[in-house]
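The values are calculated or read from the model by the stated rules, or taken from the named source; none is laboratory data. Being a predicted model, the structure only gives us computed values, none of them experimental. Note: ideal-geometry Cβ built from the backbone for every residue, glycine included; neighbour counts use all protein chains shown. Side chains are part of the model used for accessible areas, which takes the heavy atoms of the whole protein and leaves out ligands, DNA and RNA. Shrake-Rupley method; radii C 1.70, N 1.55, O 1.52, S 1.80 Å.
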Amino acid sequence: MKTVTSSEQPELQQQARAVLRDGWPAFVLRDPLSNSHRDRVTAYFPEYDVTLVEDGEVMADGRAVALRWDGGTATLPEGYDGALVDAVTEHENSVRPDTLCIMAVTVRSDRTGGGLAGKVITALRERAVAAGLHRVIVPVRPPLKAQYPLMPMADFARWKRADGLHLDHWIRTHERLGATVLAPAPRSMVVPGTVANWEKWTGMAFPQSGQYVVPGALDLVTIDCERDHGLYAETNLWMRHL
Ligand SMILES: CC(C)(COP(=O)(O)OP(=O)(O)OC[C@H]1O[C@@H](n2cnc3c(N)ncnc32)[C@H](O)[C@@H]1OP(=O)(O)O)[C@@H](O)C(=O)NCCC(=O)NCCS
């Protein structure tokens, strides 16, 4: 298996995008800040766009950005969206980064459970060290949390198995690589839309205003039919690798 970056093999980008589309709930891909910053992230941080390729096919994909952070929990970026905005703004203002922030890792659905995510994270960590970034953080989106949308992330973060590792498989992967939990990241990813948008993205009907449990969502989705507005503010979990 080869590790390449988008700058080395841009033609793999389309395949990598297909892997991403399959791996994520539709509404996550509608995050407006993520979409409005994508082109600049690709242009500014090509070396942190890592793809694992086997026989010409993309098996896994990881994306990260570089930003400045002083190591304090209170000064962490405001989650996924905040890290994107900070990284892009700082780059445009020539602020020297010292921290890699891993934004997303996606493994092709027929290749999960084989340790590929760990390889992607390791490749990104190595690139961070090589570039002189001495901290590595990640706003983790634990997939199991979607089964507990009413539970605060601060409580979920403490749920361990008998072997001491976390109940959530994605947090476990980070733990096995030596990462530790820092703090919940409230409003990490904020996705607004019309009621029709939300019905399309979720395949559900929202006949009245209220808070809804949505498959794949870590928190509740708030629907306001009178204002024709739906809002999802997702809490993630900050973890630190280096
Ligand atoms: C989360 C993800 C990146 C993990 O990648 P991976 O390469 O399969 O991870 P690993 O091989 O290290 O597996 C780690 C553990 O997760 C388990 N696992 C993998 N995929 C799983 C799934 N879909 N459901 C439940 N458990 C799963 C593995 O069995 C392993 O369990 P163990 O700790 O008991 O040994 C991958 O499932 C994925 O791409 N998901 C969709 C996108 C996503 O949610 N990304 C994470 C947010 S950035």
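The set of residues in the range 65-75 that are within 23 Å of Val120 (Cα to Cα) and either open to solvent by 80 Å² or more (accessible area, probe 1.4 Å) or among the aliphatic types (A, V, I, L, M) (or both) comprises Val65, Ala66, Leu67, Arg68.
Considering only the range 159-175, how many residues are aliphatic (A, V, I, L, M) and touching a residue at least 40 places away in the same chain (Cβ under 8 Å)? Of the residues in the range 159-175, 1 are aliphatic (A, V, I, L, M) and touching a residue at least 40 places away in the same chain (Cβ under 8 Å). When the criteria are applied in full, Thr112 meets the requirement of being among the hydroxyl-bearing types (Ser, Thr, Tyr) and closer than 26 Å to Gln15 by Cβ.
Scanning the range 47-56 for residues that are within 16 Å of the ligand (Cβ to nearest atom) and open to solvent by 30 Å² or more (accessible area, probe 1.4 Å) yields one hit, Glu54.
If you filter the range 97-116 down to residues that are more than 6 Å from the ligand (Cβ to nearest atom) and assigned to a strand (DSSP E or B), you find that the one that is farthest from Arg63 (Cα to Cα) is Thr99. With respect to the conditions (1) open to solvent by less than 50 Å² (accessible area, probe 1.4 Å); (2) within 13 Å of the ligand (Cβ to nearest atom); (3) closer than 22 Å to Met1 by Cβ, Tyr80 falls short on a single one, namely (3). Filtering the range 117-144 to residues that are open to solvent by 30 Å² or more (accessible area, probe 1.4 Å), within 12 Å of the ligand (Cβ to nearest atom) and part of a strand (DSSP E or B) leaves nothing.
Taken residue by residue, the range 57-64 has at least one member that is within 13 Å of the ligand (Cβ to nearest atom), open to solvent by 40 Å² or more (accessible area, probe 1.4 Å), in contact with an Asp or Glu (Cβ under 9 Å, 6 or more places away or on another chain) and closer than 25 Å to Arg17 by Cβ. Pairs are defined by a Cβ separation below 6 Å, a sequence spacing of at least 6 or placement on different chains, a first member in the range 94-115 that is farther than 28 Å from Gly132 by Cβ, and a second member that is within 6 Å of the ligand (Cβ to nearest atom); the pairs so defined are Val107/Leu116; Val107/Ala117. Of the strands (runs of 3 or more DSSP E) lying entirely inside the range 145-241, those carrying at least 3 residues that are open to solvent by 30 Å² or more (accessible area, probe 1.4 Å) are 180-193, 229-240.
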